[in-house]
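Only one structure is covered here, and it is reproduced in the block below.
The values are calculated or read from the model by the stated rules, or taken from the named source; none is laboratory data. As the structure is a computational prediction, the values presented were derived from the model and not from experiment. Neighbour counts are summed over all protein chains in view; Cβ atoms, including those assigned to glycine, are modelled from backbone coordinates with ideal geometry. These area figures cover heavy atoms from the full protein model, side chains too; ligands, DNA and RNA do not enter into them. Shrake-Rupley method; radii C 1.70, N 1.55, O 1.52, S 1.80 Å.
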Amino acid sequence: MKKFMFFLLIGIIVSACSFLEPEGSDMYEAVMPIFTDEAETSVFLDGFFKDVNDIESVKIEGYQVRLSNDKKYLYLTSGSEVKKLAKLKIKTEDEEYTLIVLNRSKIKKLFIFDPQEKRPKTVQITGSFSNWNAEGYDLEEVNGKWQIELQLSPGKYPYQLVIDGKQDLDPTNPVKESNNLGGFNSVMIIKDPAINALKIYTKEVKNNQLFIGYKGELDGVVALIENKELQANIFKDGIVVDLPQNIGDYKKAKVRVWAQNRFGVSNDLLIPFKNGNLVEHPVQIDRFDKHAQILYFMLVDRFCNGNKEIDEPIDDPEIEFKANYQGGDLAGIQSKLDDGYFEDLGINMLWLSPIIQNPKGGYIEYPEPHRKYSGYHGYWPVTFTTIDYRFGKGKDLHGIVESSHEKGINVILDFVSNHVHQESKFIQDHPNWKTLLDLPDGRKNIRIWDEYRLTTWFDTFLPSLNLEIPEVVDMVSDSAKFWLDEYNIDGFRHDATKHIPVKYWQTLTKKIRRDYSDDFVYQIGETFGTRELIRSYVGTDQLDGQFDFELYWDVRNAFAFDDYSFLNLDRSIKESLKYYSSHSLMGNPTGNHDLPRFISFASGALRLDEDDKAAGWERDIEVKDPVGYKKLSALTAFIMTFPGIPVIYYGDEIGMPGAGDPDNRRMMKFDGLTADEQQVRDNAKKLISVRKSNVALIYGDFTMLEATENTMIFARQYFGQVVLVAFNKSGSAKTISVKLPDYLKAEKWTSNFGADALVNGDEFSVTLQPYSFEILTN
């Protein structure tokens, strides 16, 4: 104890002498971790620094470093002694900044296929790790078995085998999952040997010092405040971080902490301060805190019709009602702002589908059955900066933004950067701005999502833009920034993120950082793919986050289907936290406009092994079993308590059913709710309130306490504020009993949803009814 007090005193003295300049930083904001592997990693320093010419030196242990002549790019190549956690030191004339580099080296996996009595001539493997391209993934026959050595990061990989030219499931692997297209893939899981290596957690802030606890071996710790390293001392009973003496001069600052040992890197901590005070209470959080956002997504044409005078469905008998304009508009959104719909629900960020001008006529889609559609959804842009007259005018959008801000609500717009409609003057005047449609092998480059990811077209009338051309990059990125300049919106949801080169996102984000460095601008992208691909577009120089669809598939399946284990979800949770950090800005949705409604699966109205789009055209999809409403509320409880940004797809707050697009885009229902629909809405409203009332659900660290086939309980903890979240996905009542670690103990618990809970020392138990959940707070 004497030794601890001595070092504590020394820490206070060091803290008193330290000085960090809160204003006039050379950098835009706190930099997200940089991820590296065995290959050379490109770091876009121009996206971090206001002027890269101020950079004087760069150094990092364990890596070869190469700086481009213009200093805009830094190239890192890992050496043989590279650490899982490294500090990248960048010095300018006046300051030294520290960036975190996390190495995610791949693991060797020997994949073996035993054909048993069959004797194939050739075997290949294809999957998410190969962009579903079998070329170069040939298995070699060894003693009657076929094998290949793969280099993969820990995680889950859907795959198929190509045996003698025929692609299908792996007949020797019983583990499979839906491909979300009505079929299935085999699944390969690469376990992470360091998934539970080390746990750190917040304890208290006292005497200008931050006290952190830890579980497991501890070899090193790094603490940063706005890219400046803080002194951190390790003791047997905790970590002490010295805060800057002038921390009160920071209007906003975030302290971030990472630790490591021989197994790997710990979870990270994110600790916000305002005017020198630790953020501990909801009253300290406002709409400018990115981590506190609760996002509500509406398809404008299908939300609310506020001005029937501008209704103009396309007069074409080939376009069925589901695929035509139905009258939703900006005036309708304004009316719901005026009557307090979003405030009552608790939403603080609205996401509007694209409102830019789309073509006046309908178009037939390329794949069978060649149905004809209108551009009611907004994703066929003819222009980039004009509001579609069927949605309203500029004054309507100005009104929405102003009203929202007055109510403490942000507004982001869906923006399409990848393609334009063939009627666009841009592509008519510059035909060389589009990517190649006719491939050398004779195929049409349409919806070849993986093999031609950066050039493929969505349809024959939707040319993809060649965003490798600088003039195209500038035109589109300036068009996106126009909406910030003209309408004071708060950010973007970016369509088709993975089909666009990284350079475009870096250019757009640099322009936004340059002109709006002190303003709130949130950018979230849409990518269907592996976690590795999704993460490649997330960073301080690109997007704040993307939708975590890899986690969503497991969340959806776990809560919708009785035979899908929480053990699978537990693994998926740990992978997401490892890939995106414990305090990411990734979106966790209830669903979206490209996916069948969750409740359609949960109520048994829709099957995973059928064509969900065809189902929506061929039969009426309604809620088949009322138990689906309970399952939907449980899913909503999960996204409201898990790290990241919860996203409600319009109608999911009441349990609207629907199959695939466009059946999942029905007109919103506001009146005449059934008792079940009202209960789902009441639960959603209360869940949002619980999230907004507990800082632990916004900035707290995450601990999985127990996961079984049918039950799961996890905790969020933030400086003694503890939230326990428990689920029962079975058709019978269950009692969950767990032993709480010291840092999760509390004297008194409040049950927010009526379950019976019992605490006896460190033993905690809660009894849950079928298909139910509970959130307990202290």
Beyond 31 Å (Cα-Cα) in this structure, taken from 251/739; 156/215; 87/215, we find 251/739
Log entry: pair-distance distribution for region 693-759, C-alpha pairs binned every 5 Å from zero, whole % per bin is 3, 15, 27, 27, 18, 8, 2, 0
In nanometres, the difference between 0.36 nm per residue of separation and the alpha-carbon distance of residue 70 and residue 366 is 102.1 nm
With every protein chain kept in place and a 1.4 Å probe, the chain has an accessible area per residue in Å² of 40
Pseudo-spin-label distance residue 184 to residue 343, built 7 Å along Cα→Cβ, given in nm, is 5.1
Distance in nm between residue 432 and residue 89 label points, each 7 Å along Cα→Cβ, equals 4.9
Log10 I(q)/I(0) at q = 0.17 Å⁻¹ for region 502-642, from Debye over equal alpha-carbon scatterers, is -0.97
Pseudo-spin-label distance residue 617 to residue 206, built 7 Å along Cα→Cβ, given in nm, is 6.8
So residue 145 and residue 709, fully extended at 0.36 nm per residue minus their Cα-Cα distance, gain in nm 199.6 nm
Carbon plus sulfur, as percent of the 1.4 Å-probe accessible area of the chain, comes to 48
1/(1 + (r/R0)^6) with r = Cβ-Cβ of residue 290 and residue 503, R0 = 22 Å, i.e. FRET efficiency to nearest 0.05, evaluates to 0.35
Once all protein chains are kept in place, residue 247 shows an accessible area at probe 1.4 Å, nearest 10 Å², of 10
Checking region 249-282 for trypsin sites (Lys or Arg not before Pro) in a loop per DSSP with at most 14 other beta-carbon atoms within 10 Å yields 251, 262
Diffusion coefficient in µm²/s returned for region 185-282 by Stokes-Einstein, Kirkwood Rh over C-alpha pairs, 4 °C and 1.567 mPa s, is 89
In this structure, the FRET efficiency calculated for residue 169 and residue 246 from their beta-carbon separation, with R0 = 56 Å, to the nearest 0.05, is 0.35
Cross-link reach from residue 692 to lysines, straight Cα distance under 17 Å and at least 8 residues apart if same chain, gives 290, 407
Length gained if residue 760 through residue 231 is fully extended, taking 0.36 nm per residue and subtracting the Cα-Cα distance, is 186.5 nm
Cα-based Debye curve of region 239-398 sampled at q = 0.13, 0.15, 0.16 Å⁻¹ gives log₁₀ I(q)/I(0) of -0.77, -0.87, -0.93
From highest to lowest solvent-accessible area (probe 1.4 Å; ligands, DNA and RNA excluded), 454, 230 read 454, 230
If R0 = 45 Å, then residue 320 and residue 567, at their Cβ-Cβ distance, give a FRET efficiency to the nearest 0.05 of 0.55
Expressed in µm² per second, the diffusion coefficient of region 319-465 from the Stokes-Einstein equation, with Rh the Kirkwood radius over alpha carbon pairs, at 25 °C and 0.890 mPa s, is 143
Straight-line reach check, residue 166, cutoff 15 Å on alpha carbons, 8 or more apart in-chain or any other chain, hits among aspartates and glutamates -> 135, 138
Percent antiparallel among DSSP beta bridges confined to the chain, rounded to 5, stands at 80
Too long for a 24 Å Cα-Cα cut-off, among 360/395; 498/578; 578/686, are 578/686
Here the residues of region 477-493 lying in the modelled label zone of residue 514, meaning backbone nitrogen under 17 Å from a point 7 Å along Cα-to-Cβ, are 477-486
Rounded to two decimals, the Debye log10 I(q)/I(0) of region 470-554 (Cα scatterers, no solvent) at q = 0.18, 0.19 Å⁻¹ is -0.75, -0.82
Restricting to lysines and to Cα separations under 21 Å from residue 613, and discarding same-chain partners fewer than 8 apart, the set is 322, 372, 624
